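The values are calculated or read from the model by the stated rules, or taken from the named source; none is laboratory data. Treat the numbers as computed from the prediction; the structure is a model and nothing was measured. Glycine also receives a Cβ, built like all others from the backbone with ideal geometry; neighbour counts cover every protein chain displayed.
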Ligand code: GRF
């Protein structure tokens, strides 16, 4: 049976768009809904353009309402794509190893509190790292420490700025996030 994905996003939504597009026509999974905590985020426009249903959920309602919404829509997997709120423990327990996240560094480096957006790439450049990249992982009780599903690296050049690095890292995200999600969902199916 085709699995149902909910994407959670707070920002621009370029990864969300890529994932929706890649799963159109997939026989493994489809994106059934996008949830956001920001009614004016770029992802809202993208969802309407893509014809995917969108639900705005406030920070206060997240804990009390999200499980009901997900159950009502028979969601099997959650995919975080730039979702900036803390995931409630109740959700992690309801979807064990079924919440997937992407982080724009090679975890465990440059993860944890405050490490999002350009802060990550600023820190990579300040540390004079020769490599950076992306980590696709499951969420567990310790935010950036779930099982790693895939890591992809690129070289950091001396002329890189946080912005140029971010742009190149986003290309890695678009290329690998959908395919790692699909591969993981397929492998979970074989386990069940
Ligand atoms: C991505 O770069 C991802 O690494 C991080 O949040 C960013 C979201 O960007 N988790 P977008 O909203 O998908 O454009």
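For residue 83, indicate whether it is away from the ligand (no atom under 16 Å from the Cβ), in contact (Cβ under 8 Å) with a residue 40 or more places away in the chain and surrounded by 18 or more Cβ atoms within 10 Å (Cβ to Cβ). So residue 83 does not fit the description; no.
If you go through segment 47-80 and pick out every residue that is within 24 Å of residue 112 (Cα to Cα), in contact with a strand residue (DSSP E or B) (Cβ under 9 Å, 6 or more places away or on another chain) and exposed (fewer than 14 other Cβ atoms within 10 Å of the Cβ), you end up with 0. Check residue 111 against each of (1) more than 17 Å from residue 181 (Cβ to Cβ); (2) in contact (Cβ under 8 Å) with a residue 60 or more places away in the chain and name the one condition it does not meet. Checking residue 111 against (1) more than 17 Å from residue 181 (Cβ to Cβ); (2) in contact (Cβ under 8 Å) with a residue 60 or more places away in the chain, the one that fails is (2). The number of residues in segment 59-95 that are farther than 27 Å from residue 189 by Cα and touching a helix residue (DSSP H, G or I) at 6+ places or on another chain (Cβ under 9 Å) comes to 4.
Of the strands (runs of 3 or more DSSP E) lying entirely inside segment 1-62, those containing at least 2 residues that are away from the ligand (no atom under 12 Å from the Cβ) and either within 21 Å of residue 179 (Cα to Cα) or in contact (Cβ under 8 Å) with a residue 24 or more places away in the chain (or both) span 3-8, 29-36.
The set of residues in segment 118-161 being exposed (fewer than 14 other Cβ atoms within 10 Å of the Cβ), touching a helix residue (DSSP H, G or I) at 6+ places or on another chain (Cβ under 8 Å) and at pLDDT below 95 consists of 141 alone.
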